[in-house]
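No lab work stands behind these numbers, since they all come straight from the coordinates. Quantities reported herein were computed from a predicted structural model and do not represent experimental measurements. Neighbour counts run over all protein chains shown; Cβ positions are idealised from the backbone, glycine included.
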Amino acid sequence: MTTHTDLHPLARSYLDRLADAARVLPPEDARELVADITDHLAQALPVTAGEAEARTALDRLGTPQELVTAAGGPVPTPAGRARTSYGWLALAMLVGAELLFVIWFVAVPMWLAGLVLLSLSAWSAREKLLGLLVLGTGFPVVLLTTAYASFAAYECTGGAQETVVQADGTATTTTLDATCSSLGAVPPAWLQAVFIALALAYLALQAWTVWRLSRQR
């Protein structure tokens, strides 16, 4: 196994910068990237190489950040442009909107703000899309789920007119009060099972998304 001490000094410095830049990758991917580049430099750049030769070999390889980006890391922010880190704040607001959905005047602005912060974050396009499709849709899904679960049909009786003939032959007409009762609108058992399975699958997908994004940071 090639070690840093077997490499050219400039190669060792390059690998240190690569290891630092690769922290944005999942640990296994970062280790694999550093190991591959270490083996490559051990063959392409002898310890006895001159400084000019070493710099030429490293220039051909590209910068550490470019290698990390090619391995699936986030695209670097252009120089001179402030890097914003709204990603986790955006996801926290999106999930919070789901938990506070019954408080409309809080949940709706929180959900909208989360979408805006997600779009402005320094996360990669893939991470933003994942957050939007899974966590960004959580608030509408919760509302639709609640509306479906609370749906009920009502049956109303009364409201008709009743005529009563008195003993003296006079007739009195009165209007009966309408009485409504909930039927519950309970769906069949198989539909309830499908609905519960879909809800659990969506929650599992959200949990997986948060876990996946946490590995990217």
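What FRET efficiency would be calculated for the residue pair Arg55, Ala35, taking the C-beta separation as r and a Förster radius of 30 Å, to the nearest 0.05? Write out the running numbers ahead of the final one.
Numbers: r = 23 Å, r/R0 = 0.76.
The computed FRET efficiency comes out at 0.85.
Distance between the pseudo-spin-label points of Val108 and Arg126 (7 Å out from Cα toward the beta carbon): 3.7 nm.
Here the simple spin-label model places points 7 Å from the Cα toward Cβ, and for Thr145 and Val210 these points are separated by 1.3 nm.
Could you please report the charge total around Leu115, scoring K, R as +1 and D, E as -1 over all other residues with beta-carbon less than 15 angstrom from its beta-carbon? Mind showing how you got there, number by number?
On the way: positive: Lys128; negative: Glu98, Glu127.
Computed value for this residue: -1.
Roughly how many nanometres apart are two label points built 7 Å out from the Cα toward the Cβ at Ser13 and Ile196? According to this spin-label approximation, the distance is 6.4 nm.
Please list 60-71, 130-141 highest first by mean number of surrounding beta-carbon atoms within 10 Å per residue.
On the way: 60-71: 15.7, 130-141: 18.8.
Result, highest mean Cβ count within 10 Å first: 130-141, 60-71.
Each Cα pair under 8 Å and six or more residues apart adds its separation to the average, and for the range 4-70 the resulting relative contact order is 50 percent. The phi torsions of the range 128-142, fed into the Karplus equation with coefficients 6.51, -1.76 and 1.60 and a -60° offset, translate into couplings of 4, 5, 4, x, 5, 5, 9, 7, x, 8, x, 4, x, 5, 4 Hz, rounded to whole numbers, with Gly and Pro shown as x.
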